[in-house]
Structures are given as C-alpha cells and as structure tokens.
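Reviewing the structure listed below.
The values are calculated or read from the model by the stated rules, or taken from the named source; none is laboratory data. What you are looking at is a predicted structure, and each value in this text was computed from that prediction instead of being measured. So basically every Cβ, Gly included, is an ideal-geometry build from the backbone, and we count neighbours across all protein chains shown. All accessible areas refer to the heavy atoms of the entire protein, side chains included, with ligands and DNA or RNA removed. Shrake-Rupley method; radii C 1.70, N 1.55, O 1.52, S 1.80 Å.
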Amino acid sequence: MDVAALDQALTALAGPPGTLLVAATAGTTDAGLIDPLPEIAGLCEAHGARLHIDAAYGGGLLLSDRHRPRLDGLDRAHTVTLDLHKLGWQPVAAGLLAVRDRDDLTALAHHADYLNAEDDTEAGLPDLLGRSLRTSRRPDILKIAVTLRTLGRRGLGALVDQVCARATDLADLVDRHPRLDLYDRPTISTVLFRPTGATDDTVAAVRRTLLTEGRAVLGRARPDGRLWLKATLLNPHTGPGDLAALLHLVELALPEGPTAR
Ligand SMILES: Cc1ncc(COP(=O)(O)O)c(C=O)c1O
C-alpha cells in the first residue's frame, strides 16, 4: 500500500470518525509483502478511520520471536484476520477474525429461542450465536487448540523460522541459477521466479506441465504485469535438496530442456 496515496485518499474522503475503513495486508497472496503497518495505523488514527489488517498469511509470523517484529503495528488495528491453514499448519478451515473491541461483534448478535433462550443464557449455557455468521459449523477451533497444546507457541514459531529460512535458500538458488530470474528477496516464505527470457505463455506452460504430470504444484502471480512462478514454502520438512530438485524440474519442463552443467 502506498502510504502517500492513502493519506491523500483519507484526506479527500474525510467524514465523521469511524466511517472510513482501511484494509491493509500483512502477507499478500502474490508475493507475501507486508504493508507498512505502523505508518498506515498512524494515518488511520490521525484521520479517524478504522483499520482492518488481513494477516491471513503473515499473521503466523507472530509465533516467531525472530520474525514477530515485522508485524509491528498489527496491534493497532481494530480487526485482524488470521488464517492458520497457512503458517499454522492446519487443514482448512482455520480462519479467525480477532477484534480489539468486543462491540464489533454485536452485528452477529441474534436471538433464536430454540438456540439461546434468555433463561438458558442467564443460566450460563454456552452457544455460538454472537461469535460467528454461521450457527452450524464444524469445531474448527479444536484442531488449532490441539496444535497449540502439542507444539506450543515456540514449537510453531520454530516451524515459521524454518520455512522462512527455506525461502531464503530457494531465493539464493534461483539467484545463482543461470537460467532463472528471481523477482525479489522473499518477505515471508514466498519466492517468485521465472525462466530467463521466457514468454508468459512459456511460464504458464511450464507450470501446467509440472501440474498435469504430477511433478510439482507451483502457484502463479503477475506482480509487475509479467507472469511469474510462485513457490510458497509452507512445509517445514522441505530441505535444500528438495529445492534444487524443484528447480531442476522447472528446467526439465522448459521447451528447450535442461542445460548440461
Ligand atoms: C492474503 C489472504 N487473505 C485471505 C485469504 C483467505 O481467504 P478465504 O478464507 O476467503 O479463503 C488468503 C488465502 O487463502 C490470502 O492469501
């Protein structure tokens, strides 16, 4: 997010406090980028705007002592989404909405006598109304609680550190590779790369070949108008050998095949 453009937009749209909502991202889907959260939070406070931060991907950095400082400013948001099916190693669904002010959940308040009769509520019987848009839902929190109990915050943080380190390794390998270009150093665990000089059609074909032949599942992203292959490293068991093997598979899928080295 461009902070100067945000400042201009908030100034131009000025209204009563709380009528504007800014949605920032901590971990973009395409490149894993983190918006400048402290600056954005400061602007929101100055302009009386609400701040939501989509930390679906990047929120997992909170678990790591090493990487947590990169989310400075997250605590200044009114609402934050986290998605623990990414850096939390959960099967879907594992999305959470965290609110700073409980009143933000009053929109979910609903009374249905068969579900939360007043006398039952007064007697302390629990129910999920007021906490979720859905009344019929799977107990998604159970697996998260089990994981936290088993690995603890530090255990999960170690996995975060590991996948971030693997992303750095992959970026290094791409950087040194004579036939691949690196988009940028990874912010979290996403690495974008493409065969040097390839057309977008070739990049797309390489990805589909690897997918349909059952060799590798790579994502795709167009951060600068060009098509890039995307590896989002989330498996803590991935080792340096796997990364080299992946790049070799990409080379094999190129129309001209691998280069003898
Ligand atoms: C940045 C970001 N936000 C949110 C989501 C999740 O959205 P949903 O719960 O709609 O799948 C994703 C991907 O799953 C994402 O990458």
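The table for this structure:
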read-out	value
Extreme residue, farthest from residue 92 (Cα to Cα), among residues of the stretch 143-194 that are assigned to a strand (DSSP E or B) and open to solvent by less than 40 Å² (accessible area, probe 1.4 Å)	180
Selection from the stretch 215-237 of residues that are in a loop (DSSP other than H, G, I, E, B) and within 19 Å of the chain's Cα centre (by Cα)	217, 218, 222, 223, 233, 234, 235, 236
Selection within the stretch 249-261 - open to solvent by less than 80 Å² (accessible area, probe 1.4 Å) and within 13 Å of residue 180 (Cβ to Cβ)	249, 250, 251, 253, 254, 258, 259
Subset of the stretch 195-248 that is β-branched (Val, Ile, Thr) and open to solvent by less than 20 Å² (accessible area, probe 1.4 Å) - its residue that is nearest to residue 184 (Cα to Cα)	203
Members of the stretch 3-19 that are touching a residue at least 12 places away in the same chain (Cβ under 8 Å), surrounded by fewer than 18 Cβ atoms within 10 Å (Cβ to Cβ) and within 24 Å of the chain's Cα centre (by Cα)	3
Looking only at the stretch 22-51, and only at residues there that are among the aliphatic types (A, V, I, L, M) and more than 16 Å from the ligand (Cβ to nearest atom), the one that is surrounded by the fewest Cβ atoms within 10 Å (Cβ to Cβ)	46
Residue match in the stretch 101-112 (condition: surrounded by fewer than 21 Cβ atoms within 10 Å (Cβ to Cβ), touching a residue at least 12 places away in the same chain (Cβ under 8 Å) and assigned to a strand (DSSP E or B))	no
Every residue from the stretch 54-95 that is of a type in the set (A, V, I, L, M, F, W, C), open to solvent by 20 Å² or more (accessible area, probe 1.4 Å) and more than 10 Å from the ligand (Cβ to nearest atom)	62, 63, 84, 89
